[in-house]
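The structure appears right after this line, and notes come after that.
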Amino acid sequence: MHPYLFHSGHLLVPTFGVLVAAGLMAALSLSLRTAATVGLNPESVWNAGLFMLLAAFVLSRLLLVITNLHSFFTYPILILMVPSLTATGILLTALATILYIRFRQLPFLPILDAWAPCATLIWAFLALGHFAEGSDAGLPTTLPWGIVIYQTALRLHPVPLYASLLAAILTLILLRQLTRRHHSGDTFVLALGAAGTIQFFLTFLRQPSPYNFPLSNLLDPIQWISLGMILIAGLIVLQPRKLVSHAL
């Protein structure tokens, strides 16, 4: 585990933050290529992606301040440094991005196709970041590649490494899918369905969530979200969509 990439006195450079930043820049750069592949203006897709990232940052911080208003007035810098991307923040970011896409009159499904491999690439970097900081712990295992817990003989499944590897493979598959004859939205559907399926089954290797959620006695919260992703993918498949063919 390497939670800090650089540590000198009070200067700490977290590995997770560096990997996330690298993943975001890599995804934005990749979006220039995928936009051209699906026949969109690369600059428009880049701007939309940049808007989504800025919206996620601003809205997540705004929600953090609103829900911790008293603490914010006492320790403003400390509160703003707390990781704050929640399910509500993601939902608001999605709504803001949809409004932006509509305002810019961008085709909705093609831009989702262009973003699909970019999103899975970010996922791969995020998972590596979780591995570096020691979060997203797995269940005990006897497999030789299990992570050894410090000063114990216990090994845990390296779930973040599994996720990162599978996300990287899925990214390559999606890039290949973009170049084939398909219906508009197929790449996004594949990404959503595959990512949901991967997350659903990886949860069986994760330690149970310590939080109580509605219906958490039936399935883990991540599994409910995964089923929602698969359901949305299925609903899109049922919609009539344009047949397209793209080549690099």
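The values are calculated or read from the model by the stated rules, or taken from the named source; none is laboratory data. These numbers come from a predicted model, not from an experiment. For neighbour counting, all protein chains shown are included, and Cβ atoms are generated from backbone atoms with ideal geometry for every residue, glycine included.
A compact table of results
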quantity: Test result for Val65, in a helix (DSSP H, G or I), among the aliphatic types (A, V, I, L, M), in contact with a helix residue (DSSP H, G or I) (Cβ under 8 Å, 6 or more places away or on another chain) and over 21 Å from Ile122 (Cβ atoms); calculated: yes
quantity: Long-range neighbours under 6 Å by Cβ, at least six apart or interchain, first residue free of Cβ contacts under 8 Å to residues at least 12 places away in the same chain within the stretch 112-126, second crowded, with 24+ Cβ neighbours inside 10 Å; calculated: none
quantity: Selected residue [within 27 Å of Gly129 (Cα to Cα) and modelled with pLDDT under 85] from Asn217, Asn212; calculated: Asn212
quantity: Only listed residue being among the hydrophobic types (A, V, I, L, M, F, W, C), without any contact (Cβ under 8 Å) to a residue 12 or more places away in the chain and over 24 Å from Trp115 (Cβ atoms), chosen from Val159, Val148; calculated: Val148
quantity: Residues located in the stretch 46-62, provided they are aliphatic (A, V, I, L, M) and touching a residue at least 60 places away in the same chain (Cβ under 8 Å); calculated: Ala48
quantity: Some residue of the stretch 143-157 being surrounded by 14 or more Cβ atoms within 10 Å (Cβ to Cβ) and under 20 Å from the mean Cα position of the chain (by Cα); calculated: no
quantity: Number of the exception - Leu30 against (1) at pLDDT 95 or above; (2) at positive phi; (3) not basic (Lys, Arg); calculated: (2)
quantity: Test: residue in the stretch 3-19 that is assigned to a helix (DSSP H, G or I), in contact with a Phe, Trp or Tyr (Cβ under 8 Å, 6 or more places away or on another chain) and either at pLDDT 90 or above or of a type in the set (Lys, Arg) (or both); calculated: yes
quantity: Matching residues in the stretch 128-152 - criterion: being part of a helix (DSSP H, G or I) and modelled with pLDDT of 85 or more; calculated: Leu128, Gly129, His130, Phe131, Ala132
quantity: Filter result for the condition that a residue is in contact with a His (Cβ under 6 Å, 6 or more places away or on another chain) and farther than 26 Å from Pro107 by Cα, over Leu219, Leu139, Leu202, Leu243; calculated: Leu139
quantity: Given (1) under 28 Å from Leu19 (Cβ atoms); (2) touching a Leu at 6+ places or on another chain (Cβ under 9 Å), number of the condition Gln223 does not satisfy; calculated: (2)
quantity: Qualifying positions in the stretch 158-181 - crowded, with 20+ Cβ neighbours inside 10 Å and not in a helix (DSSP H, G or I); calculated: Pro158
